[in-house]
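To start, the structure under review is shown below, and the notes come after it.
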Amino acid sequence: MTTTDDVQAPSARTTPGGPRSSRRTAGVGRVSAPVALLWLAPAIALIVGVVFYPAVMLFRASRSEYSITGLYKGAAGWDNYAKVLSYPDLPVVLKNTVVWVVAVVAITIVLALALAQLLVKDFPGRRFVRWAVIVPWAASLVITSQLFVLLYDSNYGLINHVLTGLHVIDEPISFLGDDRFTMASMIVVGVFVSLPFTIFVFIAGLAAIPDDVMEAAEVDGASPWQRWRQITFPLLRPAMLIATVLNTIYVFNSFPIIYTLNDRNPGFSHDTLITFMYKLAFKSQEKDVGMSAATGVLNVAIILLVVLVYLKVVNWREETR
């Protein structure tokens, strides 16, 4: 038999703001500090072991002196930083780094945005094309770079063969040996391997735009350019922010492409900071691990500074809200 208490009990449990409702919300939405620490412990251990500890050891090595064979000889203070900052080839390396990062990121963003707009359209074979786009991203950077070394080869490379066959050029071009073409050739490879990730970031951003917003704009008579400029582009800014920041960090630290394509050239005329750091330790006449570590610290500081300036300029809190 149903009693008065039985009827009133559900009402009491669902009363907004009631004491039982508050206890249930508090129990679901919060955990104690020890439980939270237990869940976060693996991630914290990974960050400490993979990021924090190597960063501390890198900074320690940057203030130490080592022999050519890598044996620790004692503290060096800030001498390694002074040597790096006064190194004759550093201005060229910094210029190459700026050209490399700005060109690859800018060209990648523009091309990826255009290709993403195409790949969200419905056409036969769209799924196959999307799968094919992933291939450069899935392949090893060393393999991709070595493939382009073969394509760029002045004697047997396919690119020279096609250009001479079409009478675009009279003689084969040494894309990786001629200073006029080396950086441009490396930028092409950098864009090629950066496109897949960026395209899929933009595809996800385009898929998140509500269809009813675009349909309302069409009903109001907005042209395709007006719809893209006033609806698509503003709603795509969070995806563009993510793509720009991650690509900047990724391209800045892209070692395999620069090292593999520029390996045949002596000196630092086409190196960026990441390969300059490696050559200081293992391939230059200095073979100085301390200077290499100091360059690594400067490299991290520059990346953080660039990212913070970019986030400040685009007001990331508003873009990601």
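Taking the stated definitions as given, is TRP137 open to solvent by less than 80 Å² (accessible area, probe 1.4 Å) and either closer than 30 Å to ASN265 by Cα or modelled with pLDDT of 95 or more (or both)? In short, no. The single condition from (1) open to solvent by 80 Å² or more (accessible area, probe 1.4 Å); (2) in contact (Cβ under 8 Å) with a residue 60 or more places away in the chain that PRO34 fails is (2). Residues considered: SER145, SER174. Of these, the only one that is modelled with pLDDT of 85 or more, assigned to a helix (DSSP H, G or I), of a type in the set (Gly, Ala, Ser) and buried (at least 16 other Cβ atoms within 10 Å of the Cβ) is SER145.
Reported count of residues in region 213-248, each being open to solvent by less than 40 Å² (accessible area, probe 1.4 Å) and within 14 Å of ALA112 (Cα to Cα), is 7. What single numbered condition from (1) open to solvent by 50 Å² or more (accessible area, probe 1.4 Å); (2) more than 22 Å from the chain's Cα centre (by Cα) fails to hold for LEU94? Answer for LEU94: the failing condition is (2). The numbered conditions (1) among the β-branched types (Val, Ile, Thr); (2) under 15 Å from SER292 (Cα atoms); (3) at pLDDT 80 or above are all true for ILE44 except (2).
Sub-7 Å Cβ pairs linking a first residue in region 308-320 that is charged (D, E, K, R) to a second residue that is at pLDDT 70 or above, at least 6 apart or interchain, are GLU319/ARG237; GLU319/PRO238; GLU319/LEU241, ordered by first then second residue. Any residue at all in region 149-160 that's in a helix (DSSP H, G or I), open to solvent by less than 40 Å² (accessible area, probe 1.4 Å) and under 17 Å from ILE258 (Cβ atoms)? Scanning region 149-160 turns up at least one residue that is in a helix (DSSP H, G or I), open to solvent by less than 40 Å² (accessible area, probe 1.4 Å) and under 17 Å from ILE258 (Cβ atoms). Report whether or not VAL188 is open to solvent by less than 30 Å² (accessible area, probe 1.4 Å), in a helix (DSSP H, G or I) and among the hydrophobic types (A, V, I, L, M, F, W, C). No; evaluated as a whole, the condition is false for this residue.
Residues in region 58-69 that are of a type in the set (A, V, I, L, M) and open to solvent by 70 Å² or more (accessible area, probe 1.4 Å): ILE68 only.
The values are calculated or read from the model by the stated rules, or taken from the named source; none is laboratory data. Bear in mind that the values here come from a model prediction, so they are computed numbers and not experimental data. Heads up, the Cβs are rebuilt from the backbone with ideal geometry, glycines too, and the neighbour counts pull from every protein chain shown. The area values use the complete protein model at the heavy-atom level, side chains included, leaving out ligands, DNA and RNA. Shrake-Rupley method; radii C 1.70, N 1.55, O 1.52, S 1.80 Å.
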